[in-house]
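A quick write-up on the structure given underneath.
The values are calculated or read from the model by the stated rules, or taken from the named source; none is laboratory data. Since the model is a prediction, treat every value here as computed from it, not as a measurement. Note that each Cβ is placed from the backbone with ideal geometry, even for glycine, and that neighbours are counted across all protein chains shown. For the accessible areas, the whole protein counts, side chains as well, though only heavy atoms, and no ligand, DNA or RNA atoms are used. Shrake-Rupley method; radii C 1.70, N 1.55, O 1.52, S 1.80 Å.
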Amino acid sequence: MVLLLGLFWYVDRIGIAGTGTIEILGVREGSTVFIDNKRHVRTKDTEDVVLRNLAVGTHSVVVAKDGYWPWAKKLAVGNGEKLTVRVFILPQDALVTILSSENAAYEAASEALSPRETPTEDRPLLSDNGSVGLWIEDNKVMARWLKEEPLPPSFCITGACDPTLVVIPSEERVTQATFFPRRDDVILFGTTEGIFAIELDKRGTQNFQPFYLNTYAHFATTKDGTVAILDHSDTLRVILP
């Protein structure tokens, strides 16, 4: 009888306190996931990681991999709530290939870098799946959700949802912006200091990582998922993220 009463008390306390879940999508092979500064798992393949039975409240999540910039967020979990986030981590030393006209990738890179109409609010650059539009306005990188489906969490900040999002206001002059290869939630933007990647999701921490530094460059994503770059010395390069 005492055991049953103790069990009922425990279940009642769990019901009052509550728990939630954080799902982390696309964690790279060989990454280590930390929850509240404690190691949770090291991934063997690129996979989704689910953190269950988390106490209601704010939790820190870090995804780290040797040779890559870390990705981190602080997320507030509600009772019975499941939060889904999508990680991106970039290598600290990117794999850069200099292309000559004899290289098989030269034509595709040149085509990607060919002049195109500057995206505007009325005619934004579209993500591959057509869900998000992108443009630059008053030195701000802007994004807009274009589908009829409910707005994703990236467009809902502190409970207020808006289909138009200021991804980042920059003190440096923004020269260009495009989508990260095969993503509609991560942006590459350029300044006179280089090229940077930033996620749309501002929950907790809006992750921001360097991609190609110390030079002005014109860049574009190619159909095969690389990033073509034409730098100030007119050298054509491609980077595999």
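The 3J(HN,Hα) values that the Karplus relation (6.51, -1.76, 1.60; θ = phi - 60°) gives for the stretch 36-44 are, in residue order, 6, 6, 10, 5, 9, 7, 10, 7, 8 Hz. Gly and Pro appear as x. Hydrodynamic radius of the stretch 50-89 by the Kirkwood approach over all distinct alpha-carbon pairs: 11.4 Å.
One chain, two ends: Lys38 and Thr215. Fully extended at 0.36 nm per residue, the span grows by 59.9 nm beyond their Cα-Cα distance. Apply the a/c threshold of 1.5 to the C-alpha gyration tensor of the stretch 183-241 and tell me whether it is rounded, prolate or oblate. Judged from the Cα gyration tensor, the stretch 183-241 comes out oblate (a/c at least 1.5, b/c at or above a/b). The modelled label-to-label distance between Tyr106 and Thr118, using points 7 Å beyond Cα along the C-beta direction, is 3.1 nm.
Its Cα centre serving as origin, the chain has a Cβ charge dipole (Lys and Arg +1, Asp and Glu -1) of approximately 1000 debye. Against the chain, whose longest principal axis comes from its Cα atoms, helix 2-17 is set at around 30 degrees. Normalised by 2.2 N^0.38 Å, where N counts its residues, the alpha-carbon radius of gyration of the stretch 144-208 equals 1.16. Rounded, prolate or oblate: which one fits the stretch 36-148, using the alpha carbon gyration tensor with axes a ≥ b ≥ c (rounded when a/c is under 1.5, else prolate when a/b beats b/c, else oblate)? Judged from the Cα gyration tensor, the stretch 36-148 comes out oblate (a/c at least 1.5, b/c at or above a/b).
Hey, could you get me the Stokes-Einstein D for the stretch 123-169, Kirkwood radius over alpha-carbon pairs, 4 °C and 1.567 mPa s, rounded to whole µm² s⁻¹? Stokes-Einstein gives a translational diffusion coefficient of 117 µm²/s. Each residue of the stretch 108-113 was assigned a 3J(HN,Hα) from its phi angle through the Karplus expression (A = 6.51, B = -1.76, C = 1.60, θ = phi - 60°), giving 5, 5, 5, 5, 4, 8 Hz with x at Gly and Pro. Residues whose amide H falls under 5 Å from that of Thr205, counting only those 5 or more places apart or on a different chain, are Lys74, with hydrogens built in the peptide plane.
Take the stretch 82-148, drop everything but the C-alpha atoms, weight them equally and run the Debye formula without solvent; then report log10 I(q)/I(0) at 0.12, 0.14, 0.24, 0.29 Å⁻¹ to two decimals. For the stretch 82-148 at q = 0.12, 0.14, 0.24, 0.29 Å⁻¹, log10 I(q)/I(0) is -0.57, -0.75, -1.06, -1.13. Using only alpha carbons, the chain has a radius of gyration to Kirkwood radius ratio (Rg to Rh) of 1.06. Within straight-line reach of Lys73, meaning a Cα separation under 13 Å, sit the following aspartates and glutamates at least 8 residues removed in sequence or on another chain: Glu23, Asp36, Glu199, Asp201. Rolling a 1.4 Å probe across the protein heavy atoms gives the stretch 96-241 an accessible surface of 53 Å² per residue. Rounded to the nearest Hz, the phi-derived 3J(HN,Hα) couplings of the stretch 213-223 under the Karplus curve 6.51 cos²θ - 1.76 cosθ + 1.60 (θ = phi - 60°) are 10, 6, 7, 6, 8, 8, 8, 7, 7, 9, 5, where x marks glycine and proline.
For the stretch 98-241, the Stokes-Einstein estimate of translational diffusion at 25 °C and a viscosity of 0.890 mPa s comes to 156 µm²/s, using the Kirkwood hydrodynamic radius over alpha-carbon pairs. Surface composition of the chain: carbon and sulfur atoms hold 53% of the protein heavy-atom accessible area at a 1.4 Å probe.
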